[in-house]
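The values are calculated or read from the model by the stated rules, or taken from the named source; none is laboratory data. This one's a predicted model, so the numbers in the text were calculated from it and none came from an experiment. Glycine gets a Cβ as well: all are built from the backbone with ideal geometry, and neighbour counts include every protein chain shown.
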Amino acid sequence: MTAAASTARSFAIGESDFLLDGEPFRVLSGAIHYFRVHPGQWADRIRKARLMGLNTIETYVAWNAHEPVRGEWDVTGWNDLGAFLDLVAAEGMHAIVRPGPYICAEWHNGGLPVWLTGMPGIGLRRSEPSYLAEVTTYLQRVYDIVAPRQIDRGGPVILVQIENEYGAYGNDTAYLEHLVRVTKDAGITVPLTTIDQPTDQMLRDGSVAGVHLTGSFGSRATERLATLRRHQPTGPLMCAEFWDGWFDWWGAYHHTTSAADSAAELEALLAAGASVNFYMFHGGTNFGLTNGANDKGRYLPIVTSYDYDAPLDERGDPTEKFFAFRDVIAKYAPVPDEAPARSAAAPAFEVHMDAVASDARSVFEVPPTFDAPPTFEQLGHLSALVSYEVELGGRGGVLAIGEVRDQAWVSVDGVAVGTLSRTRHENALVPPPGRRLRVLVEEQGRVNYASRLGEPKGLIGPVTLDGVLLTGWTAEPIDVAALGASITDASAVVEAPSGVAPFLLRGSFVLDAPVDLFLDTSGWGKGFALVNGFLLGRYWSNGPQRTLYVPAAALQAGENTLVVIELDRVAGTVARFVSQSDLGAAEE
């Protein structure tokens, strides 16, 4: 253990309460996902949770962040769960760990690695042998980190969750029992919990003997606690996901909820004696390509910001909800006198951008050909773009694709001819006659729940021209992060971007010291932005999000580099940093 560890203590479930060292204890927790927050800002966010009156930090564990490639387990940097838990302990707080293996969380693929969901015959989230074998190895690795940090060994961890809202997905009790056995065999001795929305069916299907039930909801607290109590007749009541905000998706509005209404629901929870975990306390950001997606008949990818209208906003500043919740908590538990102040306005300035040619090289010396366009999975490609090409032999006609997953830019002989969108259910257009067809496909985010977990990406199903099957395809994977990193000071400046995407731009700016910034994307089309080689995430004129958050921890005193990878259009040669976040208009 670390120097921050305290002496061993006990945490248990009593007849009506959680018991800390044998005394009744109310868990006042807030969710912070370490993988959504720059490690340089972990300590700040944890401290501010304590200042709101919380005594516990909760986090999911994202399997696909730790093991994007099978067998390559990573617990460094952003993935250093142990360091995050040690910072929780250093702040004098407790911790709840929710390792899934499925987490949902509006995180790509629900936290499951693409290599896992793409395994032939895999039976996700059930008692299927190959799935259980992989899950067992994963959980053992997580528990190697968590077990020595449990409260009875001098660490902060007081609860560990089994699976995640499983009653909304299945009812394979043997699967849950397997997860419990693996957890206990790995040395987890703190109480175990499950979580489900408080309906009779979900609580019944998601429960397992000997594991304490908790609920997830954001309204009608009194009614939902009563439902939870019917299924958990003894022990403490806990809303383990108190939904105090909501997430955004491209093409909608910025979701906000009333601070007063949320505070009233919190009051009802605490007045009933329940424990609570705020989902989220601090949402953070879907940096890189980590956003998930919804699909209930219409594919809706989630935006880069995971601000969530939470008590602590994306920048880490307290919101109206922070103080409203703090006032309620103060009626039931001690709250520190100190309160965090909001940050000063971020610097606003402009950066000249040059169109540049990439130094990136093809991953193939001689591109292989395929009878049909291969999926991202068949290519073993984890980034966002694949360029597909095929000979047309001078023909034109109706180009029809089974399904585009998820957005395509179509060109013929180097001239753009149109786009196809999964969200708009588009799968056909009429290009002019030409020699060579190119289809650039963006994977916009993997669905994070239900039957679409692990679905293949790319051009799905037959591709025909006037009903004739097109064969002899090449497929060029484009690694967005590597492409951005390839844009250096030595990259050739060009008069204008080339005829087809991606269009590449580079600029630089000087800072006296690192400071949070907000990159204005309102005049751009669709694409990605990187600062100092760090992939901030996606932007899109579809909105609602109009700025990208640039954490101070990703910047440096002196010169910094901005790279933009644009897929739609280049509207100008100036990038702007603005003084505050713009996540879009809220619903009236």
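Pairs meeting the criteria (first residue in segment 459-478 and over 12 Å from Glu389 (Cα atoms), second residue part of a strand (DSSP E or B) and acidic (Asp, Glu), beta carbons under 9 Å, at least 6 apart or on different chains) are Ile460/Glu403; Gly461/Glu403.
Take the residues in segment 79-117 that are in a helix (DSSP H, G or I) and among the aromatic types (Phe, Trp, Tyr); name whichever of them is surrounded by the fewest Cβ atoms within 10 Å (Cβ to Cβ).
So in segment 79-117, the residues in a helix (DSSP H, G or I) come out as 79, 81-90, 108-111, 114-117.
With among the aromatic types (Phe, Trp, Tyr) added as a condition, the list becomes 84, 115.
Values: Phe84: 24, Trp115: 19.
Looking at residues that are in a helix (DSSP H, G or I) and among the aromatic types (Phe, Trp, Tyr), I get Trp115.
Answer yes or no: is there a residue in segment 399-421 that is surrounded by 19 or more Cβ atoms within 10 Å (Cβ to Cβ), at pLDDT 95 or above, small (Gly, Ala, Ser) and more than 15 Å from Ala384 (Cβ to Cβ). Yes, segment 399-421 contains a residue that is surrounded by 19 or more Cβ atoms within 10 Å (Cβ to Cβ), at pLDDT 95 or above, small (Gly, Ala, Ser) and more than 15 Å from Ala384 (Cβ to Cβ). In the set (1) touching a strand residue (DSSP E or B) at 6+ places or on another chain (Cβ under 9 Å); (2) closer than 30 Å to Ala310 by Cβ; (3) of a type in the set (A, V, I, L, M), the condition left unmet by Val180 is number (2).
Evaluate the following for Met280: is it aliphatic (A, V, I, L, M) and within 14 Å of the chain's Cα centre (by Cα)? Walk me through how you get there before you give the answer.
Values: aliphatic (A, V, I, L, M): yes; within 14 Å of the chain's Cα centre (by Cα): yes.
For Met280, the condition - aliphatic (A, V, I, L, M) and within 14 Å of the chain's Cα centre (by Cα) - is met.
Screening Asp144 against (1) part of a helix (DSSP H, G or I); (2) under 29 Å from Gln444 (Cα atoms) leaves a single unmet condition, (2). The residues on offer are Val430, Val447, Val398, and the sole one that is farther than 30 Å from Gly110 by Cα, touching an Asp or Glu at 6+ places or on another chain (Cβ under 7 Å) and of a type in the set (A, V, I, L, M, F, W, C) is Val398.
Restricting attention to segment 179-193, does a residue exist that is under 17 Å from Phe278 (Cβ atoms) and either part of a strand (DSSP E or B) or under 25 Å from the mean Cα position of the chain (by Cα) (or both)?
Just the residues of segment 179-193 that are under 17 Å from Phe278 (Cβ atoms), to begin with: 193.
The next check asks that each one be either part of a strand (DSSP E or B) or under 25 Å from the mean Cα position of the chain (by Cα) (or both); those that pass are 193.
Scanning segment 179-193 turns up at least one residue that is under 17 Å from Phe278 (Cβ atoms) and either part of a strand (DSSP E or B) or under 25 Å from the mean Cα position of the chain (by Cα) (or both).
Cβ separations smaller than 6 Å between residues 6+ apart or across chains give the following pairs from segment 171-183 residues that are under 29 Å from Pro148 (Cβ atoms) and touching a residue at least 12 places away in the same chain (Cβ under 8 Å) to residues that are surrounded by fewer than 19 Cβ atoms within 10 Å (Cβ to Cβ) and not charged (D, E, K, R): Tyr175/Ser127; His178/Leu132; Val182/Thr136. Being surrounded by fewer than 23 Cβ atoms within 10 Å (Cβ to Cβ) and at pLDDT 95 or above is true of Thr137.
Put simply, of Ala408, Ala416 the only residue that is within 14 Å of Val500 (Cβ to Cβ), touching a residue at least 40 places away in the same chain (Cβ under 8 Å) and more than 27 Å from the chain's Cα centre (by Cα) is Ala416. In the set Arg538, Arg576, Arg569, only one residue is at pLDDT below 95 and closer than 25 Å to Thr488 by Cβ; that residue is Arg569.
For segment 54-66, enumerate the residues that are in contact with an Asp or Glu (Cβ under 9 Å, 6 or more places away or on another chain) and more than 19 Å from Ile195 (Cα to Cα). Once the filter is applied, which keeps residues that are in contact with an Asp or Glu (Cβ under 9 Å, 6 or more places away or on another chain) and more than 19 Å from Ile195 (Cα to Cα), segment 54-66 yields Ala65, His66. Entry remark, segment 147-166: residues being assigned to a strand (DSSP E or B) and acidic (Asp, Glu) number 0 in total.
Does segment 315-332 contain any residue that is within 17 Å of Arg47 (Cβ to Cβ), touching a His at 6+ places or on another chain (Cβ under 9 Å) and acidic (Asp, Glu)? The answer is no; no qualifying residue exists. Condition check for Ser29 on (1) at negative phi; (2) touching a residue at least 60 places away in the same chain (Cβ under 8 Å); (3) outside any strand (DSSP E or B): one failure, at (3).
Restricting attention to segment 468-493, which residues are hydrophobic (A, V, I, L, M, F, W, C), surrounded by fewer than 17 Cβ atoms within 10 Å (Cβ to Cβ) and over 27 Å from the mean Cα position of the chain (by Cα)? Write out each step before concluding.
We begin by selecting, within segment 468-493, every residue hydrophobic (A, V, I, L, M, F, W, C); these are 468-470, 473, 475, 478, 480-483, 485, 487, 490, 492-493.
Imposing the further condition that a residue be surrounded by fewer than 17 Cβ atoms within 10 Å (Cβ to Cβ) reduces the set to 468-469, 482, 490, 492-493.
Those that are hydrophobic (A, V, I, L, M, F, W, C), surrounded by fewer than 17 Cβ atoms within 10 Å (Cβ to Cβ) and over 27 Å from the mean Cα position of the chain (by Cα): Val468, Leu469, Ala490, Ala492, Val493.
Out of everything in segment 194-211 that is in a helix (DSSP H, G or I) and either polar (S, T, N, Q) or touching a Leu at 6+ places or on another chain (Cβ under 7 Å) (or both), what residue ends up being surrounded by the fewest Cβ atoms within 10 Å (Cβ to Cβ)? Per the stated criteria, the residue is Gln201. Residues that are in a loop (DSSP other than H, G, I, E, B), among the hydrophobic types (A, V, I, L, M, F, W, C), over 30 Å from Ala400 (Cβ atoms) and at pLDDT below 95: does segment 482-490 have at least one? Yes, segment 482-490 contains at least one residue that is in a loop (DSSP other than H, G, I, E, B), among the hydrophobic types (A, V, I, L, M, F, W, C), over 30 Å from Ala400 (Cβ atoms) and at pLDDT below 95. Among the residues of segment 61-78, none qualifies, meaning not one is within 25 Å of Phe18 (Cα to Cα) and either more than 17 Å from the chain's Cα centre (by Cα) or not in a loop (DSSP other than H, G, I, E, B) (or both).
Name the residue that is surrounded by the fewest Cβ atoms within 10 Å (Cβ to Cβ), counting only residues in segment 242-299 that are over 16 Å from Thr319 (Cα atoms), of a type in the set (D, E, K, R) and in contact with a strand residue (DSSP E or B) (Cβ under 6 Å, 6 or more places away or on another chain). The selected residue is Asp295.
Scanning segment 212-224 for residues being in a helix (DSSP H, G or I) and surrounded by fewer than 21 Cβ atoms within 10 Å (Cβ to Cβ) gives a total of 2.
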